[in-house]
Every structure is written in C-alpha cells, then in structure tokens.
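Engineer: Take this structure first; my questions come after.
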Amino acid sequence: MSECHYLFKSCILGAYYPEAERCLRVVFDRLDTQYVDDPAQSSCTGHGYHSGIYPLKTTLEVNRRNFSLARGKGCDDIVTSCVTSYATLKEMKKLLKDPIKIYHGLEVLYEHRNEILRGLKYNLEGIKVVTHHGCHYTKIFYDDVKAGDPERPVLLDEIATSLGGEVLDYSERSLCCGMGFNHLLLDQEYCKKIARRKLESIKKVNPDLILVHCPGCLLTLDRFQGILKQEMGLELQIPVLNYTELIALLFGVASDEIGIKTHHVALEGVIERIKE
Amino acid sequence: MRRLAIGKKISSREVLEDLRAEDIGLLRCMQCGRCTGGCPAAGVFEDFSPRLVMHELIEGETENVLKGDMIWKCGQCYTCHLRCPRGNSPATVILILRELSLKRGYSKDKVKEIAAKCGVLMWKKGVNFYEEGSRELPDEAAYEVEDILRRSGYEAFLKALGVDLP
Ligand code: SF4
Ligand code: SF4
C-alpha cells in the first residue's frame, strides 16, 4: 500500500449514512494514515453498472478519469469505502490495464489492527457479534480476499475478536444481504426475501450487533428490518454497524457523530452496553 | 462442436466479443448446475436459473434470452462466479446480456425507471444516489463527467431508453 491513499467515496453512504463515511476519515486521522479526499471524484457508476443502466464503455471512461485524478494527487492506490466501488474499480483497472492499485478501507484498517487496539477507549467485551462480508468484496476478485477463504472471509471477524467481542456463526453467513442492485430500485421482491432469509438466520443466534463493511449491506440489513416488520410483522431489531462507525465509537467518538440518527434500527442500547 | 455451434449465431458472437468475456470460461460450461445451487435469485424466482441462462446461450437461443425477463432477475451477488468449477461467470455473462438486450431495443421497461433516477443523477451531480444536501460534485468536475458521459455514448443510451435529460 502506498504512503497516501486516494479516498474513494461511496454514493450510498454519502446520501444515506454520511457519518459512517466521515468515520473512516476520523479513524484514518487517529491512525495517522494519509489520504486525499478529492471533491472531484465521481461515482464509479457501480450500482447502476450492476443494475444494467451503464454500458461498459461509460463505466470504463468515467473511471479512467477517476484513476487519473488519483495519480494527479500523487496517490498510487485508491481506497474505497464501498465494496461495489472496490470491485468495479478493480474490473475497470483490469480492462484498462491501468497500474493503479485498489483496496477497500477495511483492508487498510485490518493492516493497522494492532495500532487500533492502542487507541481504544472502549472495547467489545461481553458483546456478541455476527459479521457479513460484502459479496463484491469476497466473490468477484476472490483471490484477493485478505483473510480467510473467499467462502469464509474473516477480516471483520478477526477485527471484532481483537476488539474483545465474541463472534458468532450463523447458517446463512455467505448469503447475499439482499440488496440486488436493480431490485432495490424496483419492486424489491428479491431484497425482501433474501434479507429475510439472512436476518432470520442471524436472529437465531441472537447477536448484539451485525458488523458490515459495505454501504449496500448496511442499508439493506438496517432498513429492511423496518420494511419486514411493517409488511410481515417480523420482530428483528438487530443493530447494524459499519466497521468505520464501530471503530470510531470505540475510539470515543460521540454517538451522534457516528450518525446513529441515520440508522433505522436503534443503536442506543448496544452503545450503552459497549460503554458500560 | 459446441464452440462451432455458438460461433454460428451472430448474437452469441457478440457476447463473446465483449471485453469482459475474454477470460471467462463461457464455452466451458458443462451444465453442472452448481451456479444455480447457490443462487439466491433462483430461490426467489421459480423461472430463473443461471444454469438455464448458460444453457440457452449454448443452444444458440441468445435472442430469446435477450428478449426475456430472466437476465433482469439476477441480483449480481457473484456467488455463481465464485463457485463455477469451470471458471465461468454467469454473473458477468448476465451483465453482458443486459447491455446487449438494451442495445437491441428490448427491456426498456426494466431499466427506464432506474436510469431516470441514478443515470440522471450521475449526469447532473456525478453520483448515483442523492438526498437533499448530500455529497455532489463541484460544478467544474460535474461538467467534466457530463462530457465523458456524452462522449462515451451515454446521452444516446439514455435517449434510447426514453429518459429525458434536464
Ligand atoms: S456456469 Fe459453471 S456452475 Fe453453472 S452450470 Fe455451467 S459449469 Fe456449472
Ligand atoms: S450473480 Fe445472479 S445468477 Fe449469479 S448467483 Fe448471484 S443472483 Fe444468481
């Protein structure tokens, strides 16, 4: 990884969970990790690309510009806060034969996991966690998964354990969260059925929180709990946290600064227990 | 034999000519069904299966696939891509087919609504999602992106879908 990362911001976080993204900057600052936050960086088109609304040529050209912006800022790697950006940029880099390197923010924090421990104000002792790694991180460029097996990635697990938490297994661990790209923006039948399968399997092991590293997974696993309750009477109420929010919280960043108001499922209860 | 049979069909040739088809084992599919076994969308939609998409392609029924609903039911989770024992990627093939289907003028109803949201936001603000006051590109950067969208054929793509640009 290079000295200075080009921070690649996510459309979903920007629109729906802006503080979750701000937390990545906060954590980088605490760890003295250098990054460039360039307002000129555009969307990678990823969500639309996988929905079928951008031809390959458009996605290639849009990201040719993003790659050259990163280089112009002196960065030879890009660190994304979204797993679909991660995979889309990797695919375009490959097709364009561009030398730039692409990482996900979680990989950077995974590398720094020991330094994170030194900055902790709170830890996860007594907290039961399940993890969900985003499909576009584990299943597309599967050889690049940093820890564990592509069928069983463990970056989030190892981080949660080192923070003192207990990681629980669940039967639908490798199932998609249900976001489904075009499905999310249309009738959502896929989203509801898959999110239900996933969340019911999680509910069986009764964790205190679901730990994710993908904006789409955060949105789906958090917001569909409300939709499933409203439409099917399902009582789930399992807090979902992005890894950036969790680490910022454990560093002592105030609850409203990690954006608890943007979450559908209330986080107050689990935060209180963490701070006990 | 199978390679020949596919090569004969112009529409399948277009699939194979896509840049993304270069290193996927599209023609090595042995119809084992492992992709479908792990496919979440196949569990939701009775008439959908990635194995079947591959079967139609191998049989040269590409045009039917392009006209039909099947390619729009995939959730793009890439489980099939990870698990295929022959290194094939139904998920990638489906993306290629989606683009081809729209190029032929089919499936407009499947994406018009999404393109009218995300595509137009990309055009105006350089992002796919936007809520009041959320992150958007500064003007100069937004013009650069708009220019790239226009030059890469995206304006024409949206027009063909019947999406009006502001
Ligand atoms: S695409 Fe792969 S997994 Fe699916 S049927 Fe063909 S060989 Fe089997
Ligand atoms: S990418 Fe599509 S076809 Fe492949 S497993 Fe996922 S939903 Fe099924």
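Laboratory data are not the source of any read-out in this text; all were calculated from the coordinates shown. Only a predicted model underlies this, so the values are computations on that prediction, with no experimental measurement involved. Counting neighbours? That spans all protein chains shown, and the Cβs are built from the backbone with ideal geometry, glycine included.
Engineer: Work out, in µm²/s and without decimals, the Stokes-Einstein translational diffusion coefficient of the range A:188-257 at 4 °C, 1.567 mPa s, Rh from Kirkwood over C-alpha pairs.
Structural biologist: Details: Rh = 12.9 Å.
It comes out at roughly 101 µm²/s.
Engineer: Quote the FRET efficiency, to the nearest 0.05, computed for B:Asn64 versus A:Leu95 with a Förster distance R0 of 30 Å and r equal to the Cβ-Cβ distance. Intermediate values should be presented prior to the final figure.
Structural biologist: Numbers: r = 28 Å, r/R0 = 0.94.
E(calc), rounded to 0.05, equals 0.60.
Engineer: For chain A, what proportion of DSSP beta bridges, expressed in % and rounded to the nearest 5, is antiparallel? It would help to have the intermediate numbers written out before the result.
Structural biologist: Working: 2 of 22 bridges.
Taking every DSSP beta bridge within chain A, about 10 percent pair in antiparallel fashion.
Engineer: What FRET efficiency would be calculated for the residue pair A:Gln230, A:Glu3, taking the C-beta separation as r and a Förster radius of 60 Å, to the nearest 0.05? Numbers along the way, then the final one.
Structural biologist: Working: r = 48 Å, r/R0 = 0.81.
Calculated transfer efficiency: 0.80.
Engineer: Can I ask one more? Taking the Cα centre as origin and putting +1 on Lys and Arg beta-carbons and -1 on Asp and Glu beta-carbons, what dipole magnitude results for the range A:1-115, to the nearest 20 debye?
Structural biologist: Numbers: 15 positive and 15 negative charges, 99 e Å.
Magnitude of the dipole: close to 480 debye.
Engineer: Sticking with this structure for a sec: Of all trypsin sites (Lys or Arg not before Pro) in the range A:85-190, which ones are in loop regions per DSSP and have a Cβ with at most 11 other Cβ atoms within 10 Å? Can you show the working numbers first?
Structural biologist: Values: sites: A:Lys90, A:Lys93, A:Lys94, A:Lys97, A:Lys101, A:Arg113, A:Arg118, A:Lys121, A:Lys128, A:Lys139, A:Lys146, A:Arg173; in loops: A:Lys97, A:Lys121, A:Lys139, A:Lys146, A:Arg173.
Answer by residue number: A:Lys97, A:Lys121.
Engineer: Tabulate in residue order the Karplus-calculated ³J(HN,Hα) for the range A:133-143, using 6.51 cos²θ - 1.76 cosθ + 1.60 with θ = phi - 60°, rounded to whole Hz; enter x for Gly and Pro.
Structural biologist: 8, x, 4, 6, 8, 8, 9, 8, 9, 5, 5
Engineer: On to the next question. For chain A, what does the alpha-carbon gyration tensor say about shape, rounded, prolate or oblate, given a ≥ b ≥ c as the root eigenvalues, a/c under 1.5 as rounded, and a/b over b/c as prolate? Don't jump to the answer; show the numbers that get you there.
Structural biologist: Working: a/c = 1.73, a/b = 1.21, b/c = 1.43.
Oblate, because a/c is 1.5 or more while a/b does not exceed b/c.
Engineer: Using 0.36 nm per residue, how much length does the chain from B:Ser134 to B:Leu19 gain when fully extended, once their Cα-Cα distance is taken away?
Structural biologist: Working: separation 115, 0.36 × 115 = 41.40 nm, distance 3.48 nm.
Stretched fully, the B:Ser134-B:Leu19 segment lengthens by 37.9 nm.
Engineer: Still on this structure, please answer the following. How large is the dipole of chain A about the Cα centre if only Lys and Arg carry +1 and Asp and Glu carry -1, each at its Cβ, rounded to the nearest 20 debye? Spell out each step's value before the answer.
Structural biologist: Details: 34 positive and 38 negative charges, 140 e Å.
Once rounded to the nearest 20, the dipole reads 680 debye.
Engineer: Can you find, among B:Leu66, A:Thr131, B:Cys39, the residue sitting farthest towards the positive end of the charge dipole of the protein assembly as shown, where Lys and Arg contribute +1 and Asp and Glu -1 at Cβ?
Structural biologist: Toward the positive end, the furthest listed residue is B:Leu66.
Engineer: Under the definition of Cα pairs under 8 Å and six or more residues apart, what whole-number percent is the relative contact order of chain A?
Structural biologist: It rounds to 21 percent for chain A.
Engineer: Which pairs break 32 Å Cα to Cα here: A:Lys73/B:Lys103; B:Lys73/B:Lys124; A:Lys121/A:Lys192? All intermediate terms of the calculation are to be shown ahead of the outcome.
Structural biologist: Numbers: A:Lys73/B:Lys103 37 Å; B:Lys73/B:Lys124 29 Å; A:Lys121/A:Lys192 37 Å.
The answer is A:Lys73/B:Lys103; A:Lys121/A:Lys192.
Engineer: Looking at the range A:1-93, which GluC sites (Glu not before Pro) are in a loop (DSSP not H, G, I, E or B) and have at most 13 other Cβ atoms within 10 Å? Don't skip to the end; give the middle numbers.
Structural biologist: Details: sites: A:Glu3, A:Glu19, A:Glu21, A:Glu61, A:Glu91; in loops: A:Glu3.
In loop regions of the range A:1-93 (DSSP not H, G, I, E or B), the sparsely surrounded GluC sites (Glu not before Pro) are A:Glu3.
Engineer: Relative contact order for chain B using alpha-carbon pairs under 8 Å, separation at least 6, rounded to a whole percent? Don't skip to the end; give the middle numbers.
Structural biologist: On the way: 183 pairs, mean separation 31.7, N = 166.
Relative contact order, chain B: 19 percent.
Engineer: Taking the Cα-to-Cβ direction at A:Asp187 and at A:Arg152 and moving 7 Å from each Cα, how far apart do the two end points lie in nm?
Structural biologist: 3.8 nm
Engineer: For the range B:108-161, compute the orientation-averaged projected area of the C-alpha convex hull (one quarter of its surface), in nm².
Structural biologist: Details: hull surface 14.8 nm².
If you wrap the Cα atoms of the range B:108-161 in a convex hull and average its projections, you get 3.7 nm².
Engineer: Considering Cα pairs under 8 angstrom that are at least six residues apart, work out the relative contact order of the range A:205-263 and quote it in whole percent. Could the numbers behind the result be given before it?
Structural biologist: On the way: 44 pairs, mean separation 23.3, N = 59.
With pairs under 8 Å counted, the relative contact order is 40 percent.
Engineer: Would you list the P(r) distribution for the range B:64-164, with all Cα-Cα distances sorted into 10 Å bins from 0 and each bin expressed as a whole %?
Structural biologist: Going out from 0 Å in 10 Å bins, the range B:64-164 shows 14, 35, 32, 17, 2 percent.
Engineer: Long-range amide H contacts for A:His104: which residues qualify at under 5 Å (H placed 1.01 Å from N, peptide plane, sequence gap of 5 or more or a different chain)?
Structural biologist: When sequence neighbours closer than 5 places are left aside, the close amide H contacts are A:Thr80.
Engineer: For a bin width of 5 Å, list the pair-distance distribution of the range A:28-125 built from all Cα-Cα distances, rounded to whole %.
Structural biologist: The percentages, shortest bin first, are 2, 12, 22, 22, 16, 10, 8, 6, 3, 1.
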